[in-house]
Amino acid sequence: MPRVFITGLGFVTSIGNDAASVASSLREMRHGFETYPPFQKPDVACKVIGTVKGFSTDSVDPEDWTFPAAYTIKRETIRSMAPHGLYAHCAMIQALADARLGEADISNRDTGLFAASGGSPMLTHYHHKRMLDLGPARCSPLGIVASIVGTLNFNLVASFKIQGASCGFSSACASSAHALAYGFEEISRGRQKRMFIAAGEDGNRDAILPFAGMRTLSLQTDPALASRPFDVARDGFVGTGGGGVVVLESEKEVERRGVKPYCELVGWGQASDGYNVAISHPDGTGLRTAMENALSATGISAAEVDYVNAHATSTLIGDISEARALRAVFGEMGIRPAISSTKALTGHALSLAGAMETGFCALLMREGFTPGSAHITQLDPACEGLNVIRETVKVAPRVILKNSSGFGGANVALLLRRP
Amino acid sequence: MPDQVQPNAGGNKALTLATKPFAPDDEAALREALKRCSPSTFEAAVQFRKTGNADHMPAVVIGVIERFVEPDLRAKLKDADDDLRLIEDLGIDSLTMMEIVILVEDVLQLTINNDELRNLRTVGDVKTFIDCKIRGLPLPRPTKFLPIEHIGAVMPVQPPFLFLNEASVSSTGANGKYKITGQEFFLQGHFKDNPVMPASIMLEALGQLAVLFLIEGAPTEPGKAIGANTIFFTGCEGVRAHRMCKPGDILTLSIKPKRMKMPLATFEGAIRVGQEKAVIAEDITLTFAYVDAAVAPVAIDGAAQPAPAGDNSANPPLRVAINA
């Protein structure tokens, strides 16, 4: 069975728009939160988000957007994008350069692209309202492909002339972990030699504020206190957007091209809670099974895992579910891998989270550190027995477990190993 | 079948501009809609909306097209003639064409049906179309692709002296093809043991294409048609032969009307073989006369004929491929 390696990364995130700045933010535990102007209204209780810097995508007209001068994007390419399409497009350009891939390596029948995004609520609303107000004849011909779930794969596959497998994944906050997992399958089953896993979220008012209806957003006004997974005083997640791309390649391709991979994606597992449409199982049963499935699928023992990059989003119920699942897999056997949630720095990137955080894991393996879980003043007693690290340590993990959970109780666990 | 072009319905009503006077609010909306167009486009649009004068229309339409063309191709549009092709020359795809249409509709306050747009292939087609729309004139006939059966049915010239295998006729000119088979009777003597297509016959072929244009494409007076049997050769000037043409060569012929005033029509013509110039004629003048439309040969509806395979023009820009 062909082994699968991560050979390229691209980031547009609240904590940096390239691998170097992301790595330094993670190492130094610098968060990316700001007071968000559209939320500074009396009827909006939530005030803070993880902002994407250097981009302006507030307009519903992509030709109004601004982005770093390093990227040039033609009108015919940008016209059908959602804000997160632009972020992921830029991340893709970074990842291609990082993996040293030329045009012939990108556009061929052995190279595919899987994507994950929640679509663009802002553009869906704009185009739908235009249709209702002005009639269908005045609707933009590109309104649908710019806004529906799937917009990210449509746009990237066309822009980068992808000829292999392509598909979009939709399991809410587990979406891009699923995309990585099935991208792994494409390569390990010998169906593709290379897969781009792209993910994005608009991370703006229309994408984040609807979560206020569930009362899951942190109401903290201090950007430095808003996101604190595993802390006893946490009060909800902080939303964020951006784009991330992970390049997966078969061992043969890695050898043929003579590139140095970040790490191996060894395998994965998944399981569902079968419990509630939006609330995770209090004992984290689905996530526990997902982790156990990942370990047994790869033959890696729990004791080999040095670091868990947790899903923990800083919600009251979710963090406890994960803590219990982790204790069931590791704690009961007396195994204490380092655990942290990088969402304390980035915020919760929803569909983007799994791919972005897997990218972080690959990066920190190469850079040689394990990031601390930021903003913990008092650890939730529910985490007792778990090694939640509060400061960055200069140890490069050899094996990392990456958790992701989404609505409907979907859980995915990915296993990464340093070469 | 999407490859077929629809004949235009005749009843195109003149546009009645909104009775509401052009208000400052309208000007602000117009400025916003045209914010990525040149200032002169905006000015022309304001003038059009204030006065309804169709003379301002081409500037608006060209300004809108320019806004949607990639910057490196805009130079082409600057000194474009009406033959500039939307797809091949300007890189405008069917989705971009829709964007252009929606903005033009918005700015000129008119409604355009998808069916009406199928035949717009060149900048000239677009200008003519919008002009007809605004003035309430009938829409021009779309480019017609005529197979040999149709050509034989309408032409006064017949085999073995007909030198067109296929042709397309639009309101601005005609193109045709003829393959030299080697079986042409005159090649037995022109020349001895060395068959070469006579230059005079090539000029004849261009003349025949001009005849076909007069019958199928030329504008006429209401209720009148150009009688096929009234067309004769009167003269030619500036004829030069550049290349010997022999059996196996495919002649690509084109003619364009330069002047047309009863009873004379003057054309320029050219023949190529592949990319090579074969014959140029600066002026070919024919004489013609009008007859009552009912007396004219009944034209088979060329528009219903499928376009020749492999011809780019068979893909009009407004075919939106939905892959939903």
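The set of residues from the stretch A:197-239 being of a type in the set (D, E, K, R) and touching a helix residue (DSSP H, G or I) at 6+ places or on another chain (Cβ under 8 Å) comprises A:201, A:202, A:205, A:206, A:228, A:234, A:235.
Within 22 Å of residue A:59 (Cβ to Cβ) and within 14 Å of chain A (Cβ to nearest Cβ), is that true of residue B:74? For residue B:74, the condition - within 22 Å of residue A:59 (Cβ to Cβ) and within 14 Å of chain A (Cβ to nearest Cβ) - is not met. Only a single item in (1) buried (at least 24 other Cβ atoms within 10 Å of the Cβ); (2) without any contact (Cβ under 8 Å) to a residue 12 or more places away in the chain is not met by residue A:141, and it is number (1). Each residue in the stretch B:219-244 was checked for being surrounded by 17 or more Cβ atoms within 10 Å (Cβ to Cβ) and farther than 14 Å from residue B:291 by Cα, and 3 pass.
Okay, residues lined up against (1) closer than 30 Å to residue B:102 by Cα; (2) modelled with pLDDT of 95 or more; (3) in a helix (DSSP H, G or I); (4) not aromatic (Phe, Trp, Tyr):
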{"residue": "A:127", "(1), (2), (3), (4)": "yes, yes, yes, yes"}
{"residue": "A:167", "(1), (2), (3), (4)": "no, yes, no, yes"}
{"residue": "A:181", "(1), (2), (3), (4)": "no, yes, yes, yes"}
{"residue": "A:190", "(1), (2), (3), (4)": "no, yes, no, yes"}
{"residue": "A:210", "(1), (2), (3), (4)": "no, yes, yes, yes"}
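Being farther than 13 Å from residue A:393 by Cα and in contact with a Pro (Cβ under 9 Å, 6 or more places away or on another chain) is the filter here, so list the residues in the stretch A:350-365 that pass it. Across the stretch A:350-365, the qualifying residues are A:360, A:361, A:362.
Candidates in the stretch B:101-138 are the residues that are within 14 Å of chain A (Cβ to nearest Cβ), assigned to a loop (DSSP other than H, G, I, E, B) and of a type in the set (A, V, I, L, M, F, W, C); of these, the one that is farthest from the chain's Cα centre (by Cα) is B:110.
May I ask you to verify whether residue A:44 is in contact (Cβ under 8 Å) with a residue 60 or more places away in the chain and either of a type in the set (Gly, Ala, Ser) or touching a strand residue (DSSP E or B) at 6+ places or on another chain (Cβ under 8 Å) (or both)? So residue A:44 fails the test.
For the stretch A:276-283, the condition of being more than 30 Å from residue A:209 (Cβ to Cβ), in the same structural domain as residue A:318 (by TED's automatic domain parsing) and in contact (Cβ under 8 Å) with a residue 24 or more places away in the chain holds for at least one residue. Every test in (1) surrounded by fewer than 16 Cβ atoms within 10 Å (Cβ to Cβ); (2) on the phi < 0 side of the Ramachandran plot is passed by residue B:201 save one, and that test is (1). Selection of the stretch A:132-147 for residues being within 14 Å of chain B (Cβ to nearest Cβ) and aliphatic (A, V, I, L, M) yields A:134, A:137, A:142, A:144, A:145, A:146. The residues of the stretch A:257-290 that are touching a Ser or Thr at 6+ places or on another chain (Cβ under 6 Å) and assigned to a strand (DSSP E or B), listed by number, are A:266, A:267, A:271.
Those residues that are crowded, with 21+ Cβ neighbours inside 10 Å and at the interface with chain A (Cβ under 10 Å from one of its Cβ atoms), I need them from the stretch B:83-98; list them, please. Passing the criteria: B:92, B:96, B:97.
Taking first residues from the stretch A:95-107 that are assigned by TED's automatic domain parsing to the domain that holds residue A:71 and partners that are among the hydroxyl-bearing types (Ser, Thr, Tyr), the Cβ contacts under 6 Å between residues at least 6 apart in sequence or on separate chains come to A:99/A:7. With respect to residue A:176, determine if the residue is within 20 Å of residue A:162 (Cα to Cα), in contact (Cβ under 8 Å) with a residue 12 or more places away in the chain, under 16 Å from the mean Cα position of the chain (by Cα) and not assigned by TED's automatic domain parsing to the domain that holds residue A:401. So residue A:176 passes the test. Which of the residues spanning the stretch A:316-342 are over 18 Å from residue A:369 (Cβ atoms) and buried (at least 23 other Cβ atoms within 10 Å of the Cβ)? Matches in the stretch A:316-342: A:318, A:319, A:321, A:322, A:323, A:325, A:326, A:329. Taking residue A:197, is it modelled with pLDDT of 95 or more, farther than 27 Å from residue A:25 by Cα and not in a loop (DSSP other than H, G, I, E, B)? No. A search for C-beta distances below 7 Å between a residue of the stretch B:105-117 that is assigned by TED's automatic domain parsing to the domain that holds residue B:42 and any residue that is at pLDDT 85 or above and not in a helix (DSSP H, G or I), counting only pairs 6+ apart in sequence or on different chains, returns B:107/B:34. In the set B:95, B:90, only one residue is in contact with a Pro (Cβ under 6 Å, 6 or more places away or on another chain), modelled with pLDDT of 85 or more and closer than 15 Å to residue A:76 by Cβ; that residue is B:95. When A:302, A:310 are checked against the criterion of being crowded, with 24+ Cβ neighbours inside 10 Å and not assigned by TED's automatic domain parsing to the domain that holds residue A:174, A:310 stands alone in meeting it. When residue A:203 is tested against (1) modelled with pLDDT of 95 or more; (2) farther than 20 Å from residue A:5 by Cα; (3) over 21 Å from the mean Cα position of the chain (by Cα); (4) more than 14 Å from chain B (Cβ to nearest Cβ), just one condition goes unmet, and that condition is (3). Confirm whether residue A:107 is of a type in the set (Ser, Thr, Tyr) and surrounded by 15 or more Cβ atoms within 10 Å (Cβ to Cβ). Here the answer is no, as residue A:107 does not meet what is asked.
One line per residue, one yes/no per condition, for (1) closer than 23 Å to residue B:103 by Cβ; (2) within 12 Å of chain B (Cβ to nearest Cβ); (3) not in a helix (DSSP H, G or I):
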site	(1), (2), (3)
A:105	no, no, no
A:119	no, no, yes
A:123	yes, no, no
A:130	yes, yes, no
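Every condition in (1) in contact (Cβ under 8 Å) with a residue 12 or more places away in the chain; (2) in the same structural domain as residue B:55 (by TED's automatic domain parsing) holds for residue B:148 except the one numbered (2). Only one of the listed residues (A:357, A:332) is at pLDDT below 95, outside the structural domain of residue A:175 (by TED's automatic domain parsing) and either more than 19 Å from residue A:218 (Cβ to Cβ) or not in a loop (DSSP other than H, G, I, E, B) (or both). That residue is A:332. Under the condition of being surrounded by 16 or more Cβ atoms within 10 Å (Cβ to Cβ) and of a type in the set (A, V, I, L, M), the residues counted in the stretch A:386-395 number 3. When the stretch B:149-203 is filtered for residues that are part of a loop (DSSP other than H, G, I, E, B) and touching an Asp or Glu at 6+ places or on another chain (Cβ under 6 Å), only B:180 remains.
Scanning the stretch A:49-94 for residues that are charged (D, E, K, R) and either assigned by TED's automatic domain parsing to the domain that holds residue A:363 or closer than 19 Å to residue B:36 by Cβ (or both) yields A:58, A:61, A:63, A:64, A:74, A:75, A:76, A:79.
The values are calculated or read from the model by the stated rules, or taken from the named source; none is laboratory data. Here the structure is a predicted model, which means the values were calculated and not measured. For neighbour counting, all protein chains shown are included, and Cβ atoms are generated from backbone atoms with ideal geometry for every residue, glycine included.
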